[in-house]
Every structure is written in structure tokens, then in C-alpha cells.
1. Can you compute the FRET efficiency between R177 and E114 using 1/(1 + (r/R0)^6), with r the Cβ-Cβ distance and R0 = 22 Å? Round to the nearest 0.05.
2. May I ask you to sort F232, F60 by Cβ crowding, counting other Cβ atoms within 10 Å and putting the fewest first?
3. For R4 and D325 in the same chain, what is the full-extension length gain: residue separation times 0.36 nm, less their Cα-Cα distance, in nm?
4. I need the calculated FRET efficiency for the pair K341 and Q260, taking r as the beta carbon distance and R₀ as 22 Å, to the nearest 0.05.
5. What FRET efficiency comes out for Y285 versus T216 if R0 is 35 angstrom and r is the Cβ-Cβ distance? Round to the nearest 0.05.
6. For the chain, take the convex hull of the Cα atoms, compute a quarter of its surface area, and give me that in nm², please.
7. How far, in nm, would the chain grow between K351 and T247 when pulled straight, counting 0.36 nm per residue and subtracting the alpha carbon separation?
8. Give me the number: length gained by fully extending E56 to D201, i.e. 0.36 nm times residue separation minus the C-alpha to C-alpha distance, one decimal in nm.
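Computed from the coordinates by the stated procedures, all read-outs in this text should not be read as laboratory data. Predicted model, so just to flag it, every value in this text is computed and none were measured. Reconstructed Cβ throughout: ideal geometry from the backbone, glycine too, with neighbour counts over all protein chains shown.
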Amino acid sequence: MKIRMENVSMKFGDFYAAKDINISISKGEYLTILGPSGCGKTTLIKMISGILRPTEGCIFVDGEDVTDTHLEDRDTGYVFQNIALFPNMTVSDNVGYSPRVRDMTKDETASVSEEYLKLVKMLDRAGAIPKELSGGEQQKVAIARALASGSKLLMLDEPLSALDARVRVELRYDMRRLVKKLGITVLHVTHDQEEAMSVSDRIILMRAGRIVEIGTPLDMYRNPGSIFAAYFIGETNLLECTVSGKTKTGKTVVRLRGGQMVRAAKSVLTEGDAAVISVRPENVYAAKEGLKAEVTEVVFMGTYRRVRTVAETNDYLEYNISSDDEIPKIGDKVHLVFNKKATMVFPRPEKGLKEAIELE
């Protein structure tokens, strides 16, 4: 199922929950809508599913204008954040609900229910009722019920946020495996960057009702198009600076607030431009020479440790070390260098760096 939104907006009174949305979604694509709370993610999928009618613009499914088509006629499966199963029905009856209301026979309904319970590995709990299941098991049943409707478009509205961390990780991979096997188009709403990075074909990043950026997880992590994208997707260090010039190979040279010179990736900025560099913790290293900083905290992260520092520029900088490396002590002085290829350069926002990365 292909989806296209043209100049779509959703207004409540004087407030735009979504503004000027233009996207195309390919058949069988797993698309994640990512962003902070209140940015318009759920509004977007509610418009596509038919729960909300946009105040402006048009929505097309497989080339047909469905802007005024009712929810029940849009062939859409929906899985909510709050697990919504019929409490007095068995697992099998929950999954078979949609086939029954479509007037399938008892045998056909049982066959469909069994098929999708097998897919989510819940057939052995077919006779249980929801309160006898764990949260992860209940959400698997909710997914099976949505799939049993026969829909070719599946909406996942923060389906994992109420689950334990370990269950979330396992279930997100199960969901992707399942829908890819079935060839279903998926729109998955989340505020969890790691979740979005691990399951998506593409990510839509939203902020304040607008689309900030669209791209593959790898592109958006390595080459974000804005400071907000660099800050929200993954973790990064942001330092204000001024462009000093370019190297012979085209790399950007910047001067930090303390006067230190740093080489960064190529950019369109020119000498004298106010800028911000973004460098992720895995691309910052301790060395014999470099930007002076003082260690303020060392955090154990499992396979590595995160070292937090305050640089002589008064910037807060974080970098990673192996769990086997010598652990610096709080108060230790270190020198930090950056991987110049991975140090991104952005124009300094006129409204200020803090305002540019605010989540709300």
C-alpha cells in the first residue's frame, strides 16, 4: 500500500498539530515517525488512518484520494500504546474478532486466528484471557489482531512504551520480522531514538507539528541535516565556534571560543561565519595534545564507559572509553581531539543554540 500526503495540516482552534506535511511512503516500507512528545506524531497517523480528517491538504492511498474516506473503509490496522484487548475474550477470540465481523465462517475465523497466533508465537496461549498474559504477550496478541483484519497498512502508536526494556527490544525485532514477511506497510510512532534506528527503513523526524527531516537511520545519524536532528538522533557534543577557513582538501577549520583550532568535515560555510560543530562521543578521543578538559564523571555503560568533562572553553564534552581501558579519575586533566571526518559543521542558529535544540 502506497501513501502520499500533499500539503496536509491539522488545526485545532488556532493551534497547528501538524503543518504542511508532504511525504510519500512506499509499499512494504517500515517508516518510523520520531520526535519529542507533542510534536504531531500521533496526529499524523490518525489522519492517515482516518481517525482525523485534515483541515488542509489531501491524502492518497495507492493513488486514490481518501481524504474524506471513513476509518472503517481505509483497510488499516491500528495498535495503540495502551494495550486494547477485549478483557473477557480469549486470545483466540480477540485475534478472530475482525474475521468474525467480516462474516467469515467459524472454521475460517479459527484458521485465521491460528495463522496469526503462530506468526507472533502465541498459539500455545490461545485459550488464555488477557489478564493471564504478560504485557509483552498482550501486545503480541494486539499485533496479531491488527494483522488478522487483513489490512495492508499497519499503524503502531508507541506500541512498546508501556513494556519493560528487555521486552521492548525483543518485540521490536519480532514486529519488523513479521511485517516484512507479510509485505505490510508500517507507520510506527515512537519517541525512542534507539527503537527508531533499529527497525526503520526510513525515519521521519518531527518537531512542533512539522517535518524536520526524512532519511535512512544511517544517513540521519552520520549526516543529519540540522542541529536538532544531530542532537535528537543519538548523542552528540555541540560547541559554538567561528569558521576560520578551509584546508587544501576542503575540510572546514573552526576556532572554538577559547581560540583553539579544530578541523571538521566539509561544509558550505566560509571564513568568519558563526557556526556550531557536532561530534558524537565515539568520535572524541583522549590524546597527548588537544583541547584541555577536566573529568567530572565516569559512567559505566556495559561494554564501554562514558567520560564526562568540562573543557577549557566551558563546553561540556563526553567521550567513550573501552571498559578495559584505564579509568580516569574525577578532576583528572585530559586533552581531547576529534575525528575530523565525523565532526559536522552547522550554521549557528540566529535564535541561539539552546533554543534550536529545545524538545518542546
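1. On the way: r = 19 Å, r/R0 = 0.87.
Using R0 = 22 Å, I get an efficiency of 0.70.
2. Values: F232 24, F60 15.
By the 10 Å Cβ count, ascending, the order reads F60, F232.
3. Numbers: separation 321, 0.36 × 321 = 115.56 nm, distance 5.05 nm.
Here the answer is 110.5 nm.
4. 0.70
5. Working: r = 27 Å, r/R0 = 0.77.
Approximately 0.85, to the nearest 0.05.
6. On the way: hull surface 87.8 nm².
The Cα convex hull of the chain, projected and averaged over all directions, gives 21.9 nm².
7. Numbers: separation 104, 0.36 × 104 = 37.44 nm, distance 2.94 nm.
Extending this stretch completely gives an extra 34.5 nm.
8. Details: separation 145, 0.36 × 145 = 52.20 nm, distance 2.79 nm.
That pair, E56 and D201, stretches by 49.4 nm at full extension.
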